[in-house]
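*Asks:* Below is a structure I'd like to ask you about.
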Amino acid sequence: MTTQAHPAQRPFHPLLRRGWFDPLPRRIVRLPGVYRPQADSVLLAEALREAVMPPDARVLDLCTGSGVLALTAAHLGAGDVTALDISRGAVISAWLNGQMNRLPVRVRRGDCYEAFALGTFDVVLANPPYVPCPPGTDSSATWDAGPDGRSILDPLCANSIDLLRPGGFLLLVHSEFAGPAISLRRLRHSGLKAAIVARRHLPFGEVMRSRTDYLHSRGWCSAEPATEEVVVIRADRPNQTN
Ligand SMILES: C[S@@+](CC[C@H](N)C(=O)[O-])C[C@H]1O[C@@H](n2cnc3c(N)ncnc32)[C@H](O)[C@@H]1O
């Protein structure tokens, strides 16, 4: 599903004046079960604002949920934005939000792996599921990512180089409990230059509070953790001449 026009061809909605993105769009809808943008989404949006996107950048937002990061990229001047999510509700929500905000976002339903058929991008954004989930628990595809939180991160870190044009970069957000050092190692091993560009301590939400015993049993945190550090990793694909 695609909204029709580039923002330059359409006047902004009167509500979409300066400040309406702060840093995420404030006006979004979500179908039931679709991830409510949270502090991790904000941290990634801030990192995107800080990063210099090439003019008319081609951007991919993996695991788009309501589409807020894709919309932010379009709002910041990206020329071509694709949003991908496995959930039907997310895809509908992201499409509606593109329409409502009058921003041109192409929305696709599919697994992250399907992104490799979409070509290469100047910028890839990802706020994937990364919450460690005890085996045998009812897990949520929205945020749970296997016993170590890495079921999506591992393939993403190993393969995202193939989604990037030379000179392009990935911005990836996740929690300390999903192993930022592992992400950095895997990204570097694939040929990218990777570093943490933003970090913030955030209070545990309901899901993380429900995982405290599990995290403790794995030795990943003290018995009563109240916060987690969430990081944004930037990984650059060197230019051929580098
Ligand atoms: C933590 S939410 C992030 C949503 C949004 N990017 C944000 O920051 O608000 C993760 C999203 O990943 C999607 N997802 C889970 N597994 C996926 C997969 N294998 N391929 C693509 N999307 C997936 C979920 O449906 C969910 O919308």
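*Asks:* Using only Cα atoms, find the angle between the long axis of helix 39-50 and the longest principal axis of the chain, and express it within 0 to 90 degrees, rounded to the nearest 10.
*Replies:* 50
*Asks:* Which of the listed residues, Asn159, Ala117, Ala226, is farthest toward the dipole's positive end in the chain, when Lys, Arg count +1 and Asp, Glu count -1 at the beta-carbon?
*Replies:* The listed residue farthest towards the positive side: Ala117.
*Asks:* Please figure out what share of the DSSP beta bridges in the chain is antiparallel and state it in percent, rounded to the nearest 5.
*Replies:* Working: 19 of 39 bridges.
That works out to approximately 50 percent antiparallel.
*Asks:* Measure nothing fancy, just the Cα-based angle from helix 180-190's long axis to the longest principal axis of the chain, in degrees from 0 to 90, nearest 10.
*Replies:* Approximately 60 degrees, to the nearest ten.
*Asks:* May I ask you to derive the relative contact order of region 144-242, considering only C-alpha pairs under 8 Å and at least 6 residues apart, and to give it as an integer percent?
*Replies:* That works out to 40 percent.
*Asks:* With +1 on each Lys and Arg Cβ and -1 on each Asp and Glu Cβ, and nothing else charged, work out how big the dipole of the chain is about its Cα centre, in Debye to the nearest 20.
*Replies:* The dipole of the chain has a size of about 680 debye.
*Asks:* Report the residue, chosen from Ala90, Ala126, Ala141, that carries the largest GNM mean-square fluctuation when the chain is represented by alpha-carbon nodes joined by springs under 10 Å.
*Replies:* Among Ala90, Ala126, Ala141, the largest mean-square fluctuation in the Gaussian network model of the chain belongs to Ala141.
*Asks:* At 222 nm, what helix-only mean residue ellipticity would the chain give, in deg cm²/dmol to the nearest 500, using -39500 (n - 2.57) for each DSSP H run of four or more? Working shown, then result.
*Replies:* On the way: 7 runs with 62 residues, N = 242.
So the calculated ellipticity at 222 nm is -7000 deg cm²/dmol.
Read the figures in this text as sums done on the coordinates, not as results from a lab. Since this is a predicted model, take the numbers as computed values, not measurements. Glycine also receives a Cβ, built like all others from the backbone with ideal geometry; neighbour counts cover every protein chain displayed.
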